[in-house]
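Read the structure below first, then the notes.
The values are calculated or read from the model by the stated rules, or taken from the named source; none is laboratory data. Since the structure is predicted, the reported quantities are computational estimates derived from the model, not experimental observations. Neighbour counts run over all protein chains shown; Cβ positions are idealised from the backbone, glycine included. Heavy atoms of the whole protein, side chains included, go into the accessibility calculation; ligands, DNA and RNA do not. Shrake-Rupley method; radii C 1.70, N 1.55, O 1.52, S 1.80 Å.
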Amino acid sequence: QVQLVDSGGGSVQAGESLTLSCEASGMTNSGYTDCTYDMNWYRQAPGKEREFVSNIDEDGSTSYADSVKGRFTISQDNAKNTVYLQMNRLRPEDTAMYYCKIDSLACRSGGMTITRGPYWGQGTQVTVSS
């Protein structure tokens, strides 16, 4: 079973930094090989809709919400099936639950190409105090 585990949240003061991690696992156990996937970060504050934060696609191209551009950096370690979100110069308005998400997982299975998704992580809390 494919699973995403996100971690690294915590409580910091404004101006400080945090790095979130999201590890994808279970592809081999599911019989999937040669997988490619995008990875996304979303966040949701109390009383607000979940919003897009950052994306890294299958080709390594990245994108960011305007609110975090220049402060956050998304990166990946393919060997570890892990994606990171480096968050610098955090602001109180960054306070939210952060979720990683795979929109589309494309793998080889039994000699065929299969597509699965979306998959969501369980969320990790980021709290920024002024």
Which length gain, in nm to one decimal place, applies between residue 75 and residue 25 when the Cα-Cα distance is subtracted from 0.36 nm times their residue separation? 16.3 nm
How large is the charge dipole for the chain, taken about the Cα centre, if only the Cβ atoms of Lys, Arg (+1) and Asp, Glu (-1) carry charge, to the nearest 20 debye? 200 debye
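Only four residue types carry charge here, +1 at the Cβ of Lys and Arg and -1 at the Cβ of Asp and Glu. Report the dipole size of the stretch 85-130 about the Cα centre in Debye, rounded to the nearest 20.
Roughly 160 debye, rounded to the nearest 20.
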Kirkwood Rh, Cα atoms: Rg over Rh of the stretch 50-122: 1.02
Got a number for carbon plus sulfur as a percent of the chain's accessible area, 1.4 Å probe? 43 percent
How much length, in nm to one decimal, is gained on full extension between residue 49 and residue 89, taken as 0.36 nm per residue of separation minus their Cα-Cα distance? 12.1 nm
Can you tell me which of 19-30, 59-70 comes out highest on packing, and rank the rest after it, using the mean Cβ neighbours within 10 Å? 19-30, 59-70
Calculate the tail of P(r) for the chain: the fraction of all Cα-Cα distances greater than 26 Å, expressed in %. 22 percent
Å² per residue, accessible surface of the stretch 20-82 at 1.4 Å: 55 Å²
Taking K and R as +1 and D and E as -1, what net charge do the other residues with C-beta under 14 Å from the C-beta of residue 36 add up to? -4
